[in-house]
Structure formats: C-alpha cells, structure tokens
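What follows is one structure encoded as structure tokens, with my remarks underneath.
The values are calculated or read from the model by the stated rules, or taken from the named source; none is laboratory data. Bear in mind that the values here come from a model prediction, so they are computed numbers and not experimental data. Here the Cβ positions follow ideal geometry from the backbone for every residue, glycine too, while neighbour counts run over all protein chains shown.
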Amino acid sequence: MPYVLDQRPAPALPESRPAAPVRRRTWVLALPEARWALAALVLFLVALLLYLLGAPTWLWGSLFAATYVTGGWEPGWEGLKALKDKTLDVDLLMVVAALGAAAIGQVLDGALLIVIFATSGALEAVATARTADSVRGLLGLAPSTATRVLAEGGEETVDAGRLMVGDTILVRPGERVGADGQVLEGASDVDQATITGEPLPVAKQVGDEVFAGTANGTGALRVRVERDPSDSVIARIVKMVEDASETKAPTQLFIEKIEQRYSIGMVLATLAVFAVPLAFGDHLQSALLRAMTFMIVASPCAVVLSTMPPLLSAIANAGRHGVLVKSAVVMERLGQINTVALDKTGTLTEGTPRLTDIRPLPGSALDQAALLRLAASAEHPSEHPLARAVVDAARERDLVLAAADDFASMPGQGVTAIVDDCTIQVGSPARLLAALGPHTEVMTELENAGKTAVVVLRDSWPAGVLGIADRLRPDAAVTVAALNGLTGRTPVLLTGDNERAAQHLAAQVGITDIRAGLLPQDKVSAVQEWEAAGQRVLVVGDGVNDAPALAAAHSGIAMGKAGSDLALETADAVVVRDELATIPAVISLSRTARRLVVQNLAIAGLFITALVAWDLIGTLPLPLGVAGHEGSTVIVGLNGLRLLRETAWPRHTDRPGTSADTADLESQDAA
C-alpha cells in the first residue's frame, strides 16, 4: 500500500492520562556498587602517589587500608553469605588473597586486587540496572487509560489494563492506541514504527489492524479490541526481551562453576602448603611465609589483567571512533559472531524520507523547479513526514513558496490548496489514478524502485509525479561487503517493511537473503533458528521492534542517533554517530583483542606455574616471588594496552560515496 499525505494536524487534544514515568538510573553513581568502586579507585591512586613520593608509612598505609574497606567489604560480605550456603566464590578468595598479601607486607598488591574486582562488579551492576529500567520503561509506550464506547452510545474513560476483547474504544487525533484491535470506523495515518519499524505513518481504514502504543495521526478511529492487554504486541515485546536475556544464564552458570572449583582448590592448596611443612617439623614462621608466598604467586592478578586490559583498551579505542561497547564481555563476544542480521529502516537507511525524483509530465509546461515549488507550497501547511520531505527539498533549492489558500486535507488521501490562482492537489496515486491517464507508467516505475509515488495535479490536470524514499546510508554497501568478508557469508536483511521496498534496497547493497514484513516475534524466531543451528548471530537495529531480536542474539548493536531507548539499552553496543562502517571495524578489533587475551593467558599461566612450582619444590624468596608475580602482571597489562593506539583501529572501507537515491536526484538536477 503506498504511503499518502496527511492533513493538517487538528488542535492538540489532551490524551488519556499518561502512564506514570519510570524512574531511570541515568547516572552511574546512583548505584552503590559504582560509588564504592570509585571511592576505592581514588583512595588507591592517592595512596600509590604518596607511596612513590616517600610519604610517611602511616599516611599511605591508612589510605591503602581504606581502599581495602571501601572496595572489599561488599564482595567480602557476599562471599561470607555464600559460605553460609556452603559455596565459595572467587570474590571472597580475592579478598582473602588481598588480606594475605597485606599480612606479609605486600599492601600494594592486595589493594590493586581489591580495586580490580570492585570495578568489575560495578560495571556488571550498572549494565543490569540500566537494562531492567529500559524494559520497564517500554510499558509506558501504551497509554494507561482508554476511551471506551458504551453500548448506548456514551463514552467512559477506563484503565487500559481493564479492556476486554470485544470492547470498542475511541482513539482521537494525537492519542496513542490503547489496545491491539481492528478499525471499525474512521480513517487515519498511524505511526507504528515502534512495532514494525516502518519509517512512515501507515494509512488505516476500516478492517485494518492497529497496535497498542502506536500513535494515531489526525483522524479519529473506532477500534474493536482483539487482544487482551496482557497479550498485546507491546507486552509480548517486554516478555521476549526478558526471556531472551535469561537465555544467557547457562554461560554465567558455567563460569560460576569454574570459579567455585578454582576457589576451593586455591584454599585447599594454601592450607596444605602451610600445614604439610609444619607437620614435618618446619617452623611456624617459615611455614606461614611459604604459604603466604604461595597465595601471592598463585593469585590470579595476572590472569585477571590478561583479559581486562586488551578488552578495555579495545573499548576505549572503539569509543574514540563512535562505538559504545557496554562491557568487556560484550567486546569479547563481538569477535565470535559469524552471522549478521541487519534491520532496514534507520539502520541501512537514514530513517527519514527524502525527495528522490521530480518528474514533470508532458503537457504540463512545468520544469522540475516549478513542479516542486507548486507541490511544496500546497504541502507547506501539512505536518506529514512526506509533506516535510517535499518542503525540505524546495528549501534546499532556495525556492520561494507561494501562499496556500483554502488548504484542505483528508487522512489517507492527500491535500488540496489554491496556489498562484490554481487548484493544486497532491496525494496518493490510488486517489488520483484516474487523472494520470496514460502517465501511470511513471508511477509504476517509481513504486517498482521501492519509492513512494506522490501525484501532483494542477486544475485537475496531471502536472507531475514525485518520488520519495528513505535514503540509503552512504556506507551501507561497503559495510555489507566488509561484513561478508569477516563472516564468510552475506548479511541477512530483517525488516518489518514491505517486500518490494526490501528487495530494492537489498539489491543496492548486495544482500541476497531477505525477510520482509516481520513483526518483532518473527525477527526473534529467525534469530533463534540461526542460533539453534549453531550460528552466533549479530543483530543490528534501531527501533523498539528490534529490541527482542537484539536481546535474543549472541550480540546486538543499536544505531545511536535515532535509536529507541529500549534498543539502546538492550543492545550490547551502540553506534553513536550512525556510521555503519564502524560495525565491521569493531568486530575486527574484538577479534584482535581476543587474540591478545589468549596470549596474555598463556604468559600469565606460564609465570604462575613456574613460580608455584618453585615455591613448592624449592624455596622461593618472597621478594623474587613478588617480582615475578608483578612482572607478569606488568607484561600482560602492557601487551593489552597496545590496542589503545590509533593504528589498532581497523580500516575496512574507503571514503563512502553517495547513495543511489542522492545520485538519482543529482542527475535529474544536472539534466
């Protein structure tokens, strides 16, 4: 169905009582974990500076002690509660190792360990809280009240959650639809981008389906409720996001099992290193020193730093180039993907309709500028997205618009106005098809190219046809090619838009696998199908309708400028400046970071094995043990920091060219 021009908006009417705003923790320090981690980091840095400057021991020592308290009390307390449940986690082990280091004079080592784990816990808490808030905030899209039409013809305002299947509701201009249902009376244009991702409002008439939370245009609709509010599309999106997030739990459980075994083994080994020599007559001080040395050299500081510096450096590098990667875990997962699914509107395209074609018809005696001026003058009073596209194109060409008298509009049909003493009609081909006569091939050509055709009549005679499309991003084609090279397969197009528009865009960027007309659950099903087949899927999208697929996928990336709040919060990473070419670049960067992690783990494992063996077989001097332990930590840290360099950012694409739609219009202007 072609998109059509809307009428001038009616005066704003008060909507049903808006949903109560959801309190969002937008500031990181609102979380106690983040405050404690920041305090520990500041105390550690001040203490380290005083230590290096030769300040009195009591001064820097008290600050290090404060670091232990601020950064270690929470993991220590959680570890003690875990002990009550007969489990031992690595957080408690790290606190014990830090205290053990302090007990034999290695206060700096212990403080560093405390800071690392406090920071990691804070990042996890922030990510969890932000995602939970965004999911709850989605419910605010649907209005809390609706206007129910009574059997005797009256109206009443009711809680939208109390609507029942079969009820009839009235949706006034500017309101949001209160429930999923079918239009019984009226016509309007409904913005349903939150559900289907379509870039333009869709004309709704009797018999058409509407969704809860979508925004009504300028017409009034009577809608029969077809689904219980708890089963609406918007409610199912919330549930799918929550369910998909929970499917990542098995990986977390596996990590916890590893932590548990390592922690138990570490404690038992330390006790054995202390007790066995003591049982064979060793002195208490000597046995304790050996055990503390063992705890230090076996401490996983280097192992922890093996992972974090490469990944955090990669995150910082990506951030400088406009990609916000939310955690080190995300950065690692991005390098594992082998299938990419791309949304259309707002992802491969800019998400804003643009005028692409100006076609004066033979016999109209108009050139392109004159035709555009008449259409823009008539459209100027309208606020419809297509009308704005026409008016913006006229302004870009510095055309002086004429006054539009007797402006009138009908939802789903178009506008009429008196311009330069001529009656100008601008509207859909469906409405003005008869007037086109033999010129319908122009309209067909534009629609076959995936564009929206808009007909312009002057005094009831066909003057021309305008083509409007959502413009392709300049770097879309080179990005698709780069992703194909990285994964070995062409990306898939997942879109709620119609098949014809999807086919046209896919041909421009080189995509052959197209799935169009999808609702949010359909996108999730496609992702789950690939995941079940062993694929690790990256989904790239921007809308609320993409959020469930972003959550269900192995990794998700959201477009930042026009992205919905839920998509931005659900996604693992955000392309802040909407530069598609950064997506293959960050995947390559992730793969480099993962290679450095493997190198670092090998280095850390070699040092730990050698030092532990030395301590157990011979007599490892404590200073040498500390030097070896800290040396391995420095080596793996510096190795990971290599990714901070500008040269570490991959360059997959040349300077992007102009899009096909832009080239079309430029060639017409040249003609």
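Miscellaneous remarks
- Residue within the range 95-109 that is modelled with pLDDT under 85, in a helix (DSSP H, G or I) and under 26 Å from the mean Cα position of the chain (by Cα) present: no
- Pairs where the first residue, in the range 355-378, is at positive phi and the second is assigned to a strand (DSSP E or B), C-beta under 6 Å, 6+ apart: none
- Checking each residue in the range 524-558 for being more than 25 Å from Ala585 (Cβ to Cβ) and in contact (Cβ under 8 Å) with a residue 60 or more places away in the chain picks out Val524, Ala526, Val544, Asn545, Pro548.
- Whichever residue in the range 524-536 is closer than 11 Å to Ala341 by Cα and surrounded by fewer than 24 Cβ atoms within 10 Å (Cβ to Cβ) and, among such residues, is farthest from the chain's Cα centre (by Cα): Trp530
- Inter-residue pairs, beta-carbon under 8 Å, first more than 18 Å from Leu596 (Cβ to Cβ) and in the range 314-343, second buried (at least 24 other Cβ atoms within 10 Å of the Cβ) and hydroxyl-bearing (Ser, Thr, Tyr), 6+ apart: His321/Thr582; Gly322/Thr582; Val323/Thr582; Ile337/Ser555; Asp343/Thr495
- Scanning the range 573-632 for residues that are loosely packed, with under 15 Cβ neighbours inside 10 Å, within 28 Å of Ala481 (Cα to Cα) and of a type outside the set (Lys, Arg) yields a total of 0.
- Of everything in the range 315-347 that is in contact with a strand residue (DSSP E or B) (Cβ under 6 Å, 6 or more places away or on another chain) and of a type in the set (S, T, N, Q), the residue that is farthest from Leu486 (Cα to Cα) is Thr345.
- Residue within the range 483-492 that is under 32 Å from the mean Cα position of the chain (by Cα) and crowded, with 23+ Cβ neighbours inside 10 Å present: yes
- The range 341-388, residues that are aliphatic (A, V, I, L, M) and in a strand (DSSP E or B): Ala341, Leu342, Leu355, Ile358
- Neighbours by Cβ (under 9 Å, 6+ apart or cross-chain): first from the range 597-625, farther than 30 Å from Glu332 by Cα; second part of a loop (DSSP other than H, G, I, E, B): Trp614/Leu620; Asp615/Ala298; Leu622/Ile104; Leu622/Gly105; Leu622/Gln106
- Verdict on Val340 being in contact with a Leu (Cβ under 6 Å, 6 or more places away or on another chain) and under 16 Å from Ala573 (Cα atoms): yes
- The condition (being surrounded by fewer than 20 Cβ atoms within 10 Å (Cβ to Cβ), at pLDDT 75 or above and touching an Asp or Glu at 6+ places or on another chain (Cβ under 7 Å)) is satisfied by just one residue among Leu59, Leu80, Leu150: Leu150.
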